[in-house]
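Scroll down for the structure; my scribbles are underneath it.
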Amino acid sequence: MKTLIQMFSWGIGGTVLTNRIRYSAWVSALCSVTAWAQAPISLDAAVAEQLTFVGTVACANLLANGGQPVNNLGVFCSRQYPTDPGGGPGTGTPAAGGPSTPVSMKKQAAQAERDDMPLDEAWSLFLTLEQEDLARDPTPLEGGFEGSGARIQAGISFMPRADRVYSLAFHQSRQQGDFDSGGDFEHVNQGMQLIAGLQFPAGFSLDASVGLERVSSDRTRHSRYADFIFGFEMFVIEGTPNADYNHWRSGASLQLNHDWSVGAFNLQTQLGYDWLETDYGSYAETGDSGLELMFHDDILTSRQSRLGLLASFAVSTGWGVVLPQLSATWHHEFEEEGRTIDVSFVDDRNAARFDYQVEDADANFGQVGVGAVLVLKAGLQLFVFTQQMVEHAYFEHDIVSAGVRQAL
């Protein structure tokens, strides 16, 4: 009896990482002056806009404590300026990058795994190791980064009868990388998944999973603002705000499969739907530049459909069965329209909020993979699989996985 078990997993938020999670917004000016007509704006440009003089006052006393400035930014914001006919949003020199974080777009390569257990071997243990490389190209609203990660997943499966299997899996992963503009990030994910696989007549099967994980993130970004007068930098604020924060991510996956076999060749058609939600509480950056921000409560949602093919060919040997495999999957993101990220300056006693935007999601992209499953005697299975993201507008993601399953 052959059963396809797909493991559904997530990467980082904050992560990274894990793509799929992008935003868009309109920005409103928060100084007590007339607002400008706004276009989509990045984090650093939004910060610069709050500090660039508009009218006759540059956010006067924005960070003042009882009328007394408390840091360099407070000194700057308490100063008075004459009207600058050529001034306006973006007059400063914002740094690229910001608190962009990669978001994992990976699908566990263990989707290639197959079971061939007799009913007296209903219980089995499995272990999967994964290594990934990820990169983001810079765009007008976000800076780029390069990073890598590793993941381990272990669990137990139970097959009470030939047409169904249930699994419980636990995982831990770590991703780290560097922003092109300076600064770095690290995300540690810990979570669990419940997975079910059901077989139906005429070659149909259904895979489903639900999961929850906790993500611990540590991010340092480079931030810089320069005040220009007559084209010269007269006042510069620069720092490396750091954020150490935790958030929760939950998700569910459903996939309908159909297998068509001719001799040793099998072609599986896959139609899937993935839902992912990341719940950020409010958290604040630390530092002494005055550019540190408070990020307010936020929820990120991703809804993706998948259409895929998995081709395999069984080769029997004297010591087992080898299953070379090829896969190709097309993804469509329904939550492609972006979101607003709501922030305020940490040192602003009035907590005046403003918004910024990161890139909209790429609505369509693909993944291709190649690997092999080795089914040995005594209920032992091994697999290796490599997968690559293709045709994404600005994100790159490569995964190499290897694992073992042992029937008990």
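The values are calculated or read from the model by the stated rules, or taken from the named source; none is laboratory data. Small disclaimer: the values here were computed from a predicted structure and weren't measured. Here the Cβ is made from the backbone with ideal geometry for all residues, glycine too, and neighbour counts use every protein chain on show. Quick note on the areas: whole protein, heavy atoms, side chains included, nothing else; ligands and nucleic acids left out. Shrake-Rupley method; radii C 1.70, N 1.55, O 1.52, S 1.80 Å.
Look at the stretch 131-146 and say how many of its residues are open to solvent by 70 Å² or more (accessible area, probe 1.4 Å) and among the polar types (S, T, N, Q).
Qualifying residue count, the stretch 131-146: 1.
Within the stretch 232-251, does at least one residue satisfy the condition of being more than 25 Å from the chain's Cα centre (by Cα) and either of a type in the set (Gly, Ala, Ser) or surrounded by 21 or more Cβ atoms within 10 Å (Cβ to Cβ) (or both)? Before you say what the answer is, go through the steps one by one.
From the stretch 232-251, those more than 25 Å from the chain's Cα centre (by Cα) are 232-239; that's our starting set.
Filter once more, keeping what is either of a type in the set (Gly, Ala, Ser) or surrounded by 21 or more Cβ atoms within 10 Å (Cβ to Cβ) (or both): 239.
Yes; the residues of the stretch 232-251 include at least one that is more than 25 Å from the chain's Cα centre (by Cα) and either of a type in the set (Gly, Ala, Ser) or surrounded by 21 or more Cβ atoms within 10 Å (Cβ to Cβ) (or both).
In the stretch 277-311, what residues are in a strand (DSSP E or B), modelled with pLDDT under 95 and in contact with a Gly (Cβ under 6 Å, 6 or more places away or on another chain)?
Result: Thr278, single match.
Whether any residue in the stretch 349-371 is over 30 Å from Arg303 (Cβ atoms) and acidic (Asp, Glu) is what I want to check.
no
Out of Gly366, Gly318, Gly403, Gly338, which single residue is in contact with a helix residue (DSSP H, G or I) (Cβ under 9 Å, 6 or more places away or on another chain) and among the small types (Gly, Ala, Ser)?
Being in contact with a helix residue (DSSP H, G or I) (Cβ under 9 Å, 6 or more places away or on another chain) and among the small types (Gly, Ala, Ser) holds for just one of Gly366, Gly318, Gly403, Gly338, which is Gly403.
What are the pairs with Cβ atoms under 7 angstrom where one residue, in the stretch 328-343, is farther than 21 Å from Val390 by Cβ and the other, located anywhere, is outside any strand (DSSP E or B) and open to solvent by 60 Å² or more (accessible area, probe 1.4 Å)? Sequence gap at least six, or different chains.
Glu337/Asp360; Gly338/Asp360
Asp259 versus (1) at pLDDT below 95; (2) more than 30 Å from Gln175 (Cβ to Cβ); (3) touching a strand residue (DSSP E or B) at 6+ places or on another chain (Cβ under 6 Å); (4) open to solvent by 10 Å² or more (accessible area, probe 1.4 Å): which is the lone unmet condition?
(1)
Going by what's in this entry, would Ser316 be described as open to solvent by 40 Å² or more (accessible area, probe 1.4 Å), polar (S, T, N, Q) and within 30 Å of Ala196 (Cα to Cα)?
Answer is yes for this residue.
Can you tell me how many residues within the stretch 268-294 are of a type outside the set (Gly, Ala, Ser), crowded, with 20+ Cβ neighbours inside 10 Å and over 30 Å from Phe204 (Cβ atoms)?
Just the residues of the stretch 268-294 that are of a type outside the set (Gly, Ala, Ser), to begin with: 268-271, 273-280, 283, 285-286, 288, 291-294.
If we keep only those that are crowded, with 20+ Cβ neighbours inside 10 Å too, we end up with 268, 270, 274, 276, 278, 280, 285, 291-293.
Subset that is over 30 Å from Phe204 (Cβ atoms): 278, 280, 285, 291-293.
Here the count works out to 6.
Please tell me if Gly308 is open to solvent by less than 40 Å² (accessible area, probe 1.4 Å), of a type outside the set (Ser, Thr, Tyr) and in contact with a helix residue (DSSP H, G or I) (Cβ under 6 Å, 6 or more places away or on another chain).
It is false that Gly308 is open to solvent by less than 40 Å² (accessible area, probe 1.4 Å), of a type outside the set (Ser, Thr, Tyr) and in contact with a helix residue (DSSP H, G or I) (Cβ under 6 Å, 6 or more places away or on another chain).
Of all residues in the stretch 189-223, how many are farther than 22 Å from Asp274 by Cα, assigned to a strand (DSSP E or B) and either open to solvent by 10 Å² or more (accessible area, probe 1.4 Å) or out of contact with any strand residue (DSSP E or B) (no Cβ under 8 Å at 6 or more places or on another chain) (or both)?
Here the count works out to 3.
Could we say that Leu254 is modelled with pLDDT of 95 or more and touching a strand residue (DSSP E or B) at 6+ places or on another chain (Cβ under 6 Å) here?
So Leu254 fits the description; yes.
It is to be established whether one or more residues within the stretch 372-389 are farther than 30 Å from Met159 by Cβ and either open to solvent by 10 Å² or more (accessible area, probe 1.4 Å) or in contact with a strand residue (DSSP E or B) (Cβ under 9 Å, 6 or more places away or on another chain) (or both).
The answer is yes; a qualifying residue exists.
What are the residues in the stretch 348-371 that are open to solvent by 50 Å² or more (accessible area, probe 1.4 Å) and either of a type in the set (D, E, K, R) or in contact with an Asp or Glu (Cβ under 7 Å, 6 or more places away or on another chain) (or both), if any?
Those that are open to solvent by 50 Å² or more (accessible area, probe 1.4 Å) and either of a type in the set (D, E, K, R) or in contact with an Asp or Glu (Cβ under 7 Å, 6 or more places away or on another chain) (or both): Arg349, Arg353, Asp360.
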